[in-house]
Amino acid sequence: MASKSELKSLLKAPIELARNTYLHFYNGGKLRAAFVGEKNPKDDFRSEEWIFSTNRTLTPGRPNPPTKGISRIKLPGGKRVLITELLEKFPHETLGPEHVAKFGPKLGILVKIFDVGANAHIPVHWHPSPEFSSKHLNSPYGKNEAWVVVGTRPGAKAWIGFKKDVSKEQFRQWMEAQDVATMRKHMWEVRPKVGDVIFLRDSKVHSLGSGLCILEPQEPTDWNILAEWKGYPYKREDGACGLDWDTALEAAEFSAMPKDYLENYVMRKPVVYREEPGGVEYDLVPKEARKYFWLRRVIVKDTLSMPNDRGFYCVIGINGEGELRGPWGAKKIRRGRSYFIPRCLPAYDIVNVGKKALEVVCCYPPAVQ
């Protein structure tokens with residue numbers, strides 16, 4: 001626990017987000033650890049790190065303490081505390097009154113990084129829609145998400161959506177037989193590269209293979225309906241989010257995903273949002289994503305101004321070396337370092353101090369209507 005005065009002192013500058021990883025059910029973590037600058041990175045099942053989160057995670061087959069998944073922040077003396085301590089004591093200063101009125105003292109977004117290790121994969125699975133979650137999971141959130149590829153290993157690939165219509169009955173037969181090869185054979189195979197952005201709507205069946213390290217902003221849930229359980233530390237019934245499988249299958253979309261939709265909607269093309277002499281800012285997801293979250297990439301050759309009319313958000317260094325400069329002085333940013341920008345902060349500049357372009361990604365909460 002931190003004192004109110006300790007927490008208040010954080011509101012004068014960008015707030016550094018501390019390491020927040022844990023054991024997952026799939027192996028990985030080497031690229032994640034390298035991204036954030038850990039020594040001796042390796043695959044050790046610490047495959048996910050929840051960078052910006054007020055959500056508890058419940059991992060099938062693993063211990064799930066009550067604060068697992070909730071982000072940590074650093075106090076001036078180096079002590080780590082839960083981000084929820086700050087948000088609950090200073091909700092309007094950190095999040096803004098409009099956001100708090102709609103979402104309470106919660107972020108309304110979840111940002112994580114995950115890495116699928118050698119000889120591992122994330123099971124064939126899907127995420128419920130907000131409507132399904134409201135009806136069956138007692139939650140207003142589904143899990144619409146975006147993938148920003150920040151690292152790969154040789155042969156990295158993923159499977160997204162079905163090439164042709166598949167009946168629910170046929171899919172269930174494959175699932176009960178744990179015939180993953182046949183599931184994947186009917187799905188589109190993609191080979192993401194570093195820098196690619198993928199926007200994945202709820203209900204789309206997908207899987208990620210070995211070698212993908214992804215920065216993922218998403219709705220603030222951990223709803224994963226897992227059609228694979230063989231070889232994982234959980235049982236068949238643990239993969240259905242506490243639902244029976246008849247109901248869980250209703251959350252998936254088994255109709256064909258047109259190739260044009262995959263290539264021109266799921267696979268994103270950055271759109272210039274604004275330019276200054278020293279840098280450029282890109283929108284990375286379609287307009288309809290604003291009700292879930294928002295995502296921008298910033299490339300800085302010299303200096304780019306950041307206005308104070310955007311509410312709160314998370315800034316994550318992707319490449320290069322730089323500083324966030326404002327009345328507080330300078331906060332260093334580099335690959336793998338992340339900051340919480342509270343609502344109360346004034347405008348500031350992102351300044352490149354390295355030899356190559358500085359790249360950061362900014363993750364924003366859902367729009368308040």
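For the reader, a short list of remarks on this structure follows.
- Pairs with Cβ under 9 Å, 6+ apart, first in the range 156-179 and under 12 Å from ALA227 (Cα atoms), second assigned to a loop (DSSP other than H, G, I, E, B) and among the aromatic types (Phe, Trp, Tyr): PHE171/PHE254; GLN178/TRP229
- Of all residues in the range 94-107, at least one satisfies being of a type in the set (D, E, K, R) and assigned to a loop (DSSP other than H, G, I, E, B).
- Looking across the range 242-251 at every residue that is free of Cβ contacts under 8 Å to residues at least 24 places away in the same chain and assigned to a helix (DSSP H, G or I), the one that is surrounded by the most Cβ atoms within 10 Å (Cβ to Cβ) is identified as ALA248.
- For the range 314-335, the criterion of being out of contact with any strand residue (DSSP E or B) (no Cβ under 7 Å at 6 or more places or on another chain) and either within 19 Å of GLY96 (Cβ to Cβ) or in a strand (DSSP E or B) (or both) is satisfied by at least one residue.
- Tally, over the range 272-299, of residues that are farther than 25 Å from LEU107 by Cβ and β-branched (Val, Ile, Thr): 3
- Residue match in the range 42-65 (condition: within 30 Å of TYR348 (Cβ to Cβ), part of a helix (DSSP H, G or I) and assigned by TED's automatic domain parsing to the domain that holds GLU85): no
- Selection count where residues are within 29 Å of ARG201 (Cα to Cα), out of contact with any strand residue (DSSP E or B) (no Cβ under 7 Å at 6 or more places or on another chain) and not basic (Lys, Arg), scope the range 289-310: 2
- GLY239 being small (Gly, Ala, Ser), surrounded by 20 or more Cβ atoms within 10 Å (Cβ to Cβ) and in contact with a Ser or Thr (Cβ under 6 Å, 6 or more places away or on another chain): no
- Residue match in the range 183-199 (condition: more than 26 Å from the chain's Cα centre (by Cα) and not assigned by TED's automatic domain parsing to the domain that holds ALA289): yes
- Residue match in the range 348-368 (condition: part of a loop (DSSP other than H, G, I, E, B), over 22 Å from VAL285 (Cβ atoms), in contact with a Pro (Cβ under 7 Å, 6 or more places away or on another chain) and at pLDDT 95 or above): no
Okay, residues lined up against (1) surrounded by 20 or more Cβ atoms within 10 Å (Cβ to Cβ); (2) under 23 Å from TYR234 (Cβ atoms); (3) touching a strand residue (DSSP E or B) at 6+ places or on another chain (Cβ under 9 Å):
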| residue | (1), (2), (3) |
| --- | --- |
| GLY142 | yes, yes, no |
| GLY151 | no, no, yes |
| LYS157 | no, no, yes |
| LYS163 | no, no, yes |
| SER167 | no, no, no |
| VAL194 | no, no, yes |
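- Residue list for the range 145-158, restricted to those being closer than 22 Å to ALA289 by Cβ and more than 10 Å from the chain's Cα centre (by Cα): VAL149, VAL150, ALA158
- Of the strands (runs of 3 or more DSSP E) lying entirely inside the range 252-310, the ones with 3 or more residues being among the β-branched types (Val, Ile, Thr) are found at 294-300.
- Considering residues of the range 325-369 that are among the aliphatic types (A, V, I, L, M) and closer than 19 Å to PRO217 by Cβ only, the residue surrounded by the fewest Cβ atoms within 10 Å (Cβ to Cβ): VAL368
This table checks each residue for (1) over 23 Å from LYS30 (Cβ atoms); (2) assigned to a loop (DSSP other than H, G, I, E, B); (3) at pLDDT below 95.
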| residue | (1), (2), (3) |
| --- | --- |
| SER133 | yes, no, no |
| ASN138 | yes, yes, no |
| GLY161 | yes, no, no |
| LYS164 | yes, yes, no |
| GLN170 | yes, no, no |
| MET175 | yes, no, no |
| VAL194 | no, yes, no |
| CYS213 | no, no, no |
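The values are calculated or read from the model by the stated rules, or taken from the named source; none is laboratory data. Keep in mind that this is a model prediction, so the values were computed, not measured. Glycine gets a Cβ as well: all are built from the backbone with ideal geometry, and neighbour counts include every protein chain shown.
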